[in-house]
Amino acid sequence: MKRTKETMTPESIVIRGGTVIDPGRFNGLADVLVQNGRVVEIGMPLLASLPEGPALRTIDATGLIVSPGFVDLHCHLREPGFEYKETIQSGAASAIAGGFTSICCMPNTQPVNDNESITDFILTKAKEAGTARVFPIGAITKKSEGEELADIGELIGAGCIAISDDGRPVMNSLVMRRAMEYAKAFGVPVVDHCEDLHLSCGGSMNEGIVSTQLGIPGIPHASEEVMVARNLSLAHLTGVHVHLAHLSTARSVELVRLAKKQGLPVSAEVCPHHFSVTEEAVRGYNSNAKMNPPLRTDPDVQALKDGLRDGTIDVIATDHAPHAIQEKQLEFDAAPFGIVGFETALPLTLRLVEEGVLSLEQALDKLAKSPANLFHLPAGSLDVGEAADVVIFDPKEEWVIDPDRFRSKSRNTPFGGWKVKGRVKQTIVGGRLVYEDR
């Protein structure tokens with residue numbers, strides 16, 4: 001198709017000379033043309049003669065990877081109620097700095113996102129931020145107390161794309177069954193934080209040798225695995241899509257693997273921290289290594305990698321969970337669970353590529369295409385006509401993780417000082433350049 005300078009709009013972007021990886025569709029050197037917020041053409045040398053001018057922004061991607069923007073199925077933006085930890089604006093800014101163009105936020109705000117007004121508030125704040133696309137996840141139960149179902153139909157109608165009481169497992173199996181039945185009727189997945197509170201009660205880290213040596217109450221593997229097994233049984237009973245959040249143990253991976261062989265409608269995620277470090281990171285009572293589920297053992301880490309390799313684990317999610325510095329400075333038992341994750345997810349995932357666990361295309365599938373497909377989000381693809389949500393990154397650039405430079409309001413990470421490879425250079429959302437590494 002012939003193009004002239006006059007046909008280009010101010011929002012036109014050409015990304016030149018990068019290695020375009022659109023998982024399952026395209027992998028090779030190409031130019032990408034974006035117009036009116038959408039991908040118009042991918043090719044080489046189809047775009048070699050495009051005119052320059054003020055109506056066309058040119059991005060030189062030579063030596064870089066051009067990928068669909070990443071999609072995070074699991075994050076915490078804290079607003080409303082905990083704006084001192086994070087706001088939707090600061091969380092979205094952190095997301096695009098990490099290459100995430102679409103993020104799904106959990107409902108454990110204050111008040112809990114268990115009704116239409118809170119969902120509307122989140123969507124309004126996300127629109128005002130004008131960066132990453134924010135998809136709210138509504139609560140399963142009122143106030144996430146696990147007793148009375150929230151108005152799931154109202155939440156879905158307001159814009160929630162899934163339901164979850166993440167951070168507070170639904171202990172009552174009958175309540176969980178009813179929630180699954182409602183979710184199936186509305187065609188949305190149920191996301192569960194798999195934890196038996198009776199088994200984990202009082203625990204602050206993985207139960208094992210390290211917890212014994214440190215004198216810290218432990219959380220046993222069975223606390224997660226019992227609930228994984230229950231949720232798989234309920235998925236079999238109800239036929240609903242159950243998405244299991246942040247798997248951390250080898251037995252959990254095996255249970256999901258068996259369920260998939262049996263054809264159950266189940267998907268699972270793993271977080272970069274769970275495949276990157278073990279319980280050893282807690283030594284020295286490092287509260288920045290305190291998370292729930294906790295860091296486990298080396299055999300668990302290897303099992304998570306195996307699960308990613310063979311497809312048992314579908315996606316990589318951050319579980320971005322910001323906390324204020326003063327909160328993480330409390331004694332280990334009193335410090336809150338959770339770490340920030342948007343801005344470290346890419347380099348930690350690229351370590352899997354270096355290790356041969358995943359190819360680069362497979363890694364990008366876990367970060368972009370598969371999560372978008374699982375939750376039916378309009379993202380994760382560079383196909384012609386799709387929204388131009390794009391991340392451009394240098395897979396070889398080395399840098400040292402410095403929490404003080406995070407775009408997030410919080411700094412709670414165990415990866416400060418790590419030397420890593422893989423840096424986001426530009427992020428485009430809806431055809432707009434919203435982030436550029438300078």
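Please treat every number below as a calculation from the coordinates, not as lab data. Treat the numbers as computed from the prediction; the structure is a model and nothing was measured. Cβ: placed from backbone, ideal geometry, glycine included. Neighbour counts: every protein chain shown.
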How far, in nm, would the chain grow between I325 and D298 when pulled straight, counting 0.36 nm per residue and subtracting the alpha carbon separation?
6.9 nm
Under a point-charge model restricted to the Cβ atoms of Lys and Arg (+1) and Asp and Glu (-1), what is the dipole moment magnitude of the chain relative to its Cα centre, in debye to the nearest 20?
760 debye
Here, A222 and A334, labelled 7 Å along Cα→Cβ, have an inter-label distance in nm of 3.2 nm
Who wins for biggest fluctuation among G69, G138, G153 in a Gaussian network model of the chain, springs between alpha carbons below 10 Å?
G153
Y84/S117 FRET efficiency (R0 25 Å; Cβ-Cβ; nearest 0.05)
0.70
Estimate the FRET efficiency between L237 and D310 by the formula 1/(1 + (r/R0)^6), using the beta-carbon distance for r and 30 Å for R0, to the nearest 0.05.
0.70
Using a Förster distance of 51 angstrom, determine the FRET efficiency expected from the C-beta separation of E145 and S359, and round it to 0.05.
0.70
In this structure, among K261/K419; K369/K419; K184/K421; K85/K184, pairs with alpha-carbon gaps over 30 Å are K261/K419; K184/K421; K85/K184
Pairwise label distance in nanometres, C201 with E254, each label 7 Å out on the Cα-Cβ vector:
2.8 nm
P(r) tail fraction, the chain - alpha-carbon pairs more than 29 Å apart, %
44 percent
Could you pull out which residues in the range 333-357 have an amide N less than 17 Å from a spot 7 Å beyond the Cα of N286, following the Cα-Cβ vector?
333, 335-341, 344-345, 348-349
Tell me, what is the percent relative contact order of the range 69-374, built from C-alpha pairs under 8 Å that lie six or more residues apart?
17 percent
